[in-house]
Structures are given as structure tokens and as C-alpha cells.
Amino acid sequence: MKGTKTTIAALAALLMAGTAHAEPLKVGMITTLSGGGAGLGIDARDGFMLAVKQANNPDLTVVIEDDQRKPDVAVQLADKMIQQEKVDVLTGIIWSNLAMAVVPSAVAQNKFYLSVNAAPSQLAGKGCNKNYFSVSYQNDNLHEAAGGYATSAGYGKTFVMAPNYPAGKDSISGFKRFYLGDVAGEVYTKLGQTDYAAEIAQIRASGADSVFFFLPGGMGIAFMKQYAQSGVGIPLIGPAFSLDQGILGAVGDAALGIKNTSNWSKDIDNATNKAFVETFQAEYGRLPSLYASYGFDTANLLLSAMGKADVKDQDAFRDALRAADFNSVRGKFIFGANQHPIQDIYVREVIKEGDVLTNKIVGTALIDHADAYASECVM
Amino acid sequence: MTMNRETILNIILAVLLIAVPLIAQAMDEPFIITLATKVAIFGMAGVGLNIALGYGGLVSFGHAAFFGIGGYAAGILASHALNYEPIMSTPFEINGTTQMIVIWVVALIASAVIALLIGAITLRTSGVYFIMITLAFAQMIYYFAISWPAYGGEDGLSIYVRNSFPGLNTLDPLSFFGLCAVMLGIVLAFSAVLIRSRFGLALQGARQNGQRMMAVGIAPFRVRLVAFVISAMITAWAGALYADLNRFVSPSMMSWHMSGEIMVFVILGGVGRLFGPVAGAALYIMLEHLLGSTFEFWQLPLGILLLVVVLFARGGLIGLLAGERKHA
Amino acid sequence: MFSLFLEQLLNGLQSGVMLFLMASGLTLVFGVMGLINLAHGSLYMVGAFACAAVAAWTGSFWLGLVGSLMAAAIAGALVEMIVIRRLYARDHLDQVLATFALILIFSEGTRWLFGSFPLFLSVPDVLSGTVVMPGGFQYPIFRLAIIIAGLTVAIGLFLLIGKTRLGIRIRAGEADRGMIAALGVNIDRLYTIVFALGAALAGLAGAFVGTTQSVQVGMGEPVLILAFVVIVIGGIGSIKGALIGSLLVGFTDTMGRFLLPIGFEAFFDPASATAIGSALASMLIYIVMALVLFLRPSGLFGTEA
């Protein structure tokens, strides 16, 4: 009899341990699912939902809404998520301007925000918040790594180019922070510009030995195609955004050989990443992109915290998030003091695997890299 | 005066607009209140445009510029006040403010000055040229806002805390809705009085026959310019409220999509109808809300529906429900 | 520096010629039918997607080009018969709203069919590479080809309108709609043909541009606004105006982006010079348009509206 009793007690204890954290948690995902930038949001969503599906945790509910890449729509969706859906955690925003519109007021209303992509400098420095976590990076990171790579590759006259908007200016200053050579020319293009003939002519005439460009989305596709046709041939360096899986197919062979900096790549050698790439491909019939990897990591971070604490106990849940006790597709994963990752940033090169264009890691640009704003952050 | 069908319809619309948020409050659905606030604000922007477009026949495809100017008036003044930075210190100090009334006055003056400048040039043209040149000016202001770093550029400007109005907790959704609804009411009343005034008659006369107006000694250009400026001011006022609704402004408030949307509200509801823009905004926002959460390609049925309305329901929603407009 | 200047002039010409393909269809439709068509950019997108899809399927860019012409013309004819036809008698407002709705339908429909990721379309091998131009700079062959193709289409269009029976009818339709009906011309068919012709030109532009840019949903919108700027500057309904307007906008935009930041360096430090110069460059064509309309309210070659 005694034996049975202990068994029951043990079972009860086990059940208690099991139920202690089995409080329901609701996540609101606001991301771009329609219009020109939809590819990025769809990737982030699919990566996130893949992890959710694999975990099969009945206590986790996800609500997904389309922000149409419009800041005012994003703000209203955030209001809806908070007021009507009563979510505990928000995530999903791709673009920095939308993040700036949504995040400060969401965290002020005591919601957690986990960024799957956008991480503007304002939220990393003075505007940091204990409820805001960036799983992806800080916006400047990949540009800084490109600067570091250009320096270590021995370039001394780099032509730099970005669209004329805040993220573009941040990218150029991020690049310059780690670039020690001279700037052969600096050009700000119109946002959404599609013809780069004028800029390419300037690059050709500048006598540069390398070109750093940050042109997200369709702008980058247009630039790389035209650059390849122009026969200028000065090596291109960029952050991974313009050479990511989602758009490589549209750039075609014009992208071959371009060096780009990224904190993730499908050939990072660890079991989690291998499984992620395989299952993503099996589930959706395409290779995962950077954004898919961020979405996947974000969901797994959230699930790991759910296993440790109840989201209603904000302090405990926050500590659980900070611990980042999950298997990241990037291998190790540590948050810095401002809750942005401290991570290695790789140099990738665009290659062809059979018929498919993809990236291969060829080196490491920065090791255990934190962002430049962490010191300004007071929590 | 006996009530015609349109007046009855207007009353029903007004009652609905006020009743829905109250019911939502009772049922603890605060997001419905936010949607109703959006309807009131967009309705107000549309009422502004309707003065130029509906009564004056001036198809402005650039009213988003004024909407944005109103928004930036709120954003800029509030950001200076919240950061304790004076807007200018020489020759005398001007500080920011979080008082809505001051913000509205600034929004009205700023939009009036800019509308006067734009109107003086654009009203020399007519027809499609007018449509396109108003678009061009809006695009100029849009690109200026994107590349101007001082107030956030494309990132926009966060207000963090809604600006204040004496005796009101503006952060409470229902109170803020009430404020917007009252402003909409004021604007509607003003618009109703305006079109019945001598000025309003001159404006409608200038739309139908500019030459005849000149013959009776009224300069259509001046009448149109005044109408354009008034129209812009009302839209800017709505913009200031919209900034407070979202606690955020960005250049996207000035994009040509926004101009198109404000125009859609007016046409969908019924051009030159007093309550047309309100009805149009309500229908559009309802569709966006219902379709958006059910179907990934929700803009497809929205487009088809819009098309059907234009092709088969002439005179917009009000026209459909209240019949042809009676010509004065 | 001088060869850079020459190269930029050529770039301006190429961008102008490309704009002309868009603007000519737009202005033709307006001139003959009095219709404002905001969905013209969608037909451009249809052309680009059709070219990319056919090229991917057959492996031939040239078949893709044929596909783009056909797809855009067919889409144009269908849209005209189903929707546009009902709009001729309406005011510009209804036309704006209906064609705004068509943009939504085309964009989301295309995304439904082709997915949310940009498609691949590249320059055929024959036309890839560069040639050395007089002045000593290298210039992409494909851009030269675009200039030649665009100018050929322009000449063809002038001949079509000036010399053929269809052209006579089109001109007659511009002058007096009642008259040509009285002369026994099938107006419905004429309008469908004109609309399909405009659509085909837009589709062709989309296919060309798709090889150097990104084939994605929404690609038609920026170029649509530019095309409207062009036809308004040139005078709505005037093919000649569209040509002059295209070149003016092409040159202004290209040279502005190139020269303004350099010009401002005389007054400011380089960083603010590029910032101010680029900001002004993005506003420049709209400033030019406002200036033209200030001086000539009906555009350069427009008749009083």
C-alpha cells in the first residue's frame, strides 16, 4: 500500500510540475502578408508557425494579422490584439518604421514584444525596454559586419550606397563604424527607386575597389541585375537582406559570388539548423530564408520561456526569456544587457547548388558581436 | 421642412455611429470603439475633401498631403513638448505643446497657408490636369517628409501619450471617440451651413458654369480657392486627430494611396452628399476589418466590391439608399 | 567627368524612352476615350509577369516578349469589354475609383497566381554584356537595345496614327466621337482595339523593364505615377507631348540624381550635400511638372481641356 501511495504522490508532483507552467499564452503576430513586401512577412510567419507546430503545445494560441506594411494599420492591429484579443506577447513586425510605431506603446502597456526582424537603434539604446527582446539582431549589426569584412579583405576605397531614409543612413553609419578604409563615394537613392543606371555610372567613374550597398527588397534585385549587365565588375558587399533565399531566385546568376554578411545561413553546422532546413523545406516546398530562421528562433524562445514560467508572472517570464534556454538555429544564443543578441556574424557567398542559388559561409566577420547602443540602455 | 429620405438616412447613420461604440463598451469590445473612431476621423477627412470635390467639382488627388500636415502638426508639437526642447529659441522661444486645442489651431493655420499656395497654382488648371497637379504637390511633400531627418523621416514620429483635451481622459477609448464624434458633428454642421450660404451657392454655380458666374460678377477662381483652402483645413484637422488615435505619424499618411482612400470614402458614400464620406468610411473600414481577418488575399474581394459599387450603384451608398440627389 | 556626363545623358534617354512606352498608351486611351486609367500600371505588371513566366517555361526571352504583348493585350481587351466600356460616359471621379479597384484586383490576383516572391527574368544572352561607346565609356548592350526598341515603337506608333486607316479613325475619335459613329465605324470595336493597343505597349514596357528590375506585385505603381506626370507635362491626349514629356522627365530625373548632390557640395559638407541633394532630386520631377503647368495649364502640347 505504501508503495502505491508514494507512486501517487510522485505522480501528483509530476502532474503539478507539469501544470504549474501550463497556463495559456496568446501571441499576436502582426506582419506583412500583402503587397510588395509580403514575401518577408510570409517567411517569418511560416518559420514561426513551423516551430509552433513542432512543439504542439496546446496552451499556445497564435493570432496572425496583415499590416499591409502600413504603420497606421500596424498600430491599429496592435490595439486590436491588446484590447480585443488580449494577447500576452506581440511579435512579427518586419519593418523598422512599423516597429517604431507599435513597440513603444505595446511595451508601455506591459506586453512583451519579441522582434523577428526589425530592431531600430532607438529601441536598443535610450529607448530600450525590459519587455522588448530582439531575437534577430540590432539593425546595424549586419552593416557593421560588412564594414569589418571590407576592412579585413583589404579594401581601401569603398563606394557606399543606400536609400535616402533613416534605415539607409543607419546602414551607412553602421558600415563606417567598422570600416577603416576610404569612402570612394557616398550615394543616397530614392526610396523605391528601380533604375540605377545613374548610380552605376558614378560607381564606374569613382575608381572604387569595392561597393557596399544596402537596398532591401525589389530595389536590390533591380540594382544587382543592372550592375551585372553594366559589366563594371567591382566586387559587391552587402548585408544578407538583398541576397537572401527569398529573392535570390529573382536576381538569378547576377548574384553569383557576391559576399554578404549574415548571422544565419542554412549551412551553419548544428543539428537544430539541419532539422530546421529540412522540415521547413518539407513543409513549405522551398528553402527557408533569413526571416524564416528568425521566426523559427522567436517561436522556440517563446516556447522555452513558457516551459519555465507563467506569462502572467511577468518578472519570472522575463527572466525565462532572458535566459534564452532554447536550441537556436544559429548555435549558441545569448542576449546582451539590452536584450539584443550577442552573436557571430558570418560572411556568405552566393553559390549555385545544382540549379538553385543559395549562400555558403566563407568566413566570420565579427565574433561575439554586440551592438553599439547597449551602453546607452538603462532598464 | 419635411424630412426627405436622405435626412432620415443621415439621422440613422449618426445614431448608429454613436450607438455602436456604446454597445461595444457595454460588451467590453474596445477595439470596435477604435474602429468607430477611425470611421469618425476618416469621415471628417472625407467631409473636408467633399467640399472641394463634391460641391466645387475640384477633384483633388492630393488631400493626403493636408491629412499628413495635420498629423505632423500634432506629432512635431507633441514631440517637442515631451522632450522639453523648444521648437525655436531665437528671436523668441516657442515651445511644443500637448494641448489638442493649440495643436488644432496650428494644424489649421499650417494647412491653410500651404493650401493657399498650392491652390493658387493648381486652380489655374482644370479637369485631369488638376487631378494630376494636386497629386504632384502631394508627392513633393511626401518625398520631403521621407528625406527630412529631423522628425524621423520615413520612420515617422511616435507621440507615446495621446495629447490632452481639458476635462477629458483622451487615453480612454470611449472618451477619445466622443471627442472625435463631436468634431465630426461640428464639421458636418459647418459643411451643411456652408453649402446653403451664398458662398456655397456660388461654389456650386462655379462647378456647373464658370462663365455664367463671371457674368454675374463672381470670380470663380477666388471662390474655388477659398473652398480648396477650407477643404484642406478640415482634412488637416482630421489628420491631427488621426495622429492622436495612432499616437504616431509617418509620411505614409501623405502617400498617394491615402489620397486615393480618402477619395474612395467620398465616392463610395456618395459625392456631394453631406453624410456621404461618413457612410463611405464606415463601409470601407467595416469591409477591411471583416475581410482582412478571414482571407489572405482580402484585397481581391474588396476590389471587386468597389468595382461593383461604381458600376452599378451610382451615387454611392447614400444614392443607393436615398435615391437621386435633388438638384438645388 | 565628361564621359560620365555623356553616359548619364544616355541613361536619361533610356529612362525617357521606357517611360514613353507607358505614357503613350495612357495618353492614347485618354485622348480617344477620355478615360483616366489608373490600372495602366497593372497592365505593365501583367506584361512583366507574363514575360517572366513564359521565359521560365520555354527558356526563351523572345517567346516571353511575345507572351507579354499577348497577355497584356488580352487582359486589356477583356478589362475594356467587361469594365472600362461602362465608364466612358461617367465623370473622371468614377473612372478613378473603378480603375483604383482594378489595381487591387490585378495586384492580389497576380499574387494569388504567382505567389508573393519576386520572379526571375533576365536579359537574353545575345544582349548581355557591354560595348565601348564614343567618349570611351562602357555601356550595357541591353540598355542600348531598349533605346532602339523604344524609338522604333515610337516611330511605329506615329506612323500608325498618321498613315493608317486605324490611325485616321483614332484621330477622328479624338476630334469628334459622334462623327465617327455617324460614319459607320464600329465604335465599340475601335475602343477595344485602342485600349488593347495601349495595354500591349504597357506590357512591352513591363517585359523590358522586368529584365533589369524586379518582377514583383506592385511594380506598376511608381511607374504609373511617373507616366501620369509625363502625359500631364506633355498635354493629355498628345502622343508628341508624351514623347517630349517622357524625355524631359527621364533627363530631369537622371541628371537631377547625378548633378544635384554634386552641386550642393559647393555649399555644404559632403554628407549634408548628398542628403539635401538626394532629397531635392526625389522631388525634382514634381517641381518641373508644377512649373510647366504653372506656365501652361494644359501642358506643353495640350489643347484647352
Net +/- balance of residues flanking B:ILE76 in space, Cβ distance below 15 Å, scoring K and R +1, D and E -1 = -2
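How big is the convex hull of the Cα atoms of the protein assembly as shown, per residue, in Å³?
192 Å³
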What share of all Cα pairs of segment C:8-216, in percent, falls into each consecutive 10 Å distance bin?
-> 9, 32, 33, 19, 6, 1
On the protein heavy atoms, probe 1.4 angstrom, tell me the percent of accessible surface of segment A:184-237 carried by carbon and sulfur.
-> 56 percent
At 7 Å along the Cα-to-beta-carbon direction for both B:LEU194 and A:ASP313, put a label point, then send me their distance in nm to one decimal.
-> 6.0 nm
Which values, in whole Å and largest first, are the semi-axes of the equivalent ellipsoid of chain A obtained as the square root of 5 times each eigenvalue of the Cα gyration tensor?
-> 39, 21, 19
With DNA, RNA and ligands ignored, accessible area of B:VAL271 (1.4 Å probe; Å², nearest 10) = 40 Å²
Cα-Cα pairs in segment C:29-138 separated by more than 25 Å, as a whole percent of all pairs, come to 38 percent
Largest first and in whole Å, give the semi-axes of segment B:215-264's equivalent ellipsoid, each being the square root of 5 times a Cα gyration tensor eigenvalue.
-> 30, 12, 7
With a length cut of 20 Å (Cα positions projected on each helix's long axis) and a Kyte-Doolittle mean of at least -1.0, go through chain A and give me the DSSP H helices that pass.
-> A:2-20, A:38-55, A:290-308
Hey, if we sort C:HIS92, B:HIS63 by accessible area with the 1.4 Å probe, largest down, what's the order?
-> C:HIS92, B:HIS63
Length-normalised contact order for chain C - Cα pairs under 8 Å, 6+ apart - percent | 34 percent
Positive end of the charge dipole of the protein assembly as shown (Lys, Arg +1 and Asp, Glu -1 on Cβ, about the Cα centre): tell me which of B:HIS80, A:VAL89, C:ILE146 has its Cα farthest that way.
-> C:ILE146
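Could you grab the relative contact order for segment C:13-121? Cα pairs under 8 Å, six or more apart, rounded to a whole percent.
31 percent
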Name every cysteine in the protein assembly as shown that ends up alone, with no second cysteine's Cβ under 4.7 Å, or say none.
-> B:CYS180, C:CYS51
Segment C:114-191: C-alpha gyration tensor shape, a/c 1.5 cut-off, then a/b vs b/c | oblate
Kirkwood Rh in Å, taken over segment B:31-255 so that all alpha-carbon pairs contribute | 18.0 Å
Judged on accessible area alone, 1.4 Å probe, highest first, A:LYS70, A:LYS130 line up as A:LYS130, A:LYS70
Which lysines have a Cα less than 17 Å from the Cα of A:LYS308, not counting those fewer than 8 places away in the same chain?
-> A:LYS26
May I ask for the equivalent-ellipsoid semi-axes of segment B:169-328, computed as the square root of five times each C-alpha gyration tensor eigenvalue and listed largest first in whole Å?
-> 30, 22, 15
Cα point-scatterer Debye curve for segment B:173-218, base-10 log of I(q)/I(0) at q = 0.17, 0.23, 0.29 Å⁻¹ | -0.58, -0.76, -0.93
Which percent of the accessible heavy-atom area of segment B:31-255 goes to carbon and sulfur, probe 1.4 angstrom?
-> 67 percent
Chain B: relative contact order in percent, alpha carbon pairs under 8 Å with at least 6 residues between | 32 percent
Stokes-Einstein, Kirkwood over Cα pairs, segment A:146-227, 25 °C, 0.890 mPa s; D in µm²/s equals 193 µm²/s
Principal axis lengths of segment A:183-278 from Cα atoms, whole Å, largest first?
-> 47, 24, 22
Viscosity 1.306 mPa s, temperature 10 °C, Stokes-Einstein D of segment B:264-315 from Kirkwood C-alpha radius, µm²/s = 142 µm²/s
Net charge of Cβ neighbours under 12 Å - reference A:SER262; Lys, Arg +1; Asp, Glu -1 = +1
One finds the C-alpha centres of segment C:1-57 and segment A:40-58 to be spaced, in Å, by 40 Å
Kindly flag which residue pairs out of A:LYS111/B:LYS38; A:LYS70/A:LYS225; A:LYS53/A:LYS176; A:LYS225/C:LYS240; A:LYS70/A:LYS169; A:LYS169/A:LYS274 have an alpha-carbon separation exceeding 30 Å in this structure.
-> A:LYS53/A:LYS176; A:LYS225/C:LYS240; A:LYS169/A:LYS274
Coarse-grained scattering of segment A:275-379 at q = 0.11, 0.15, 0.25 Å⁻¹, given as base-10 log I(q)/I(0) from a Debye sum over alpha-carbon atoms = -0.46, -0.80, -1.37
Could you give the C-alpha radius of gyration of segment C:210-305 expressed as a fraction of 2.2 N^0.38 Å, taking N as the number of residues it contains?
-> 1.25
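The values are calculated or read from the model by the stated rules, or taken from the named source; none is laboratory data. Values in this document were obtained by computation on a predicted structure and should not be read as measured data. Note: ideal-geometry Cβ built from the backbone for every residue, glycine included; neighbour counts use all protein chains shown. All accessible areas refer to the heavy atoms of the entire protein, side chains included, with ligands and DNA or RNA removed. Shrake-Rupley method; radii C 1.70, N 1.55, O 1.52, S 1.80 Å.
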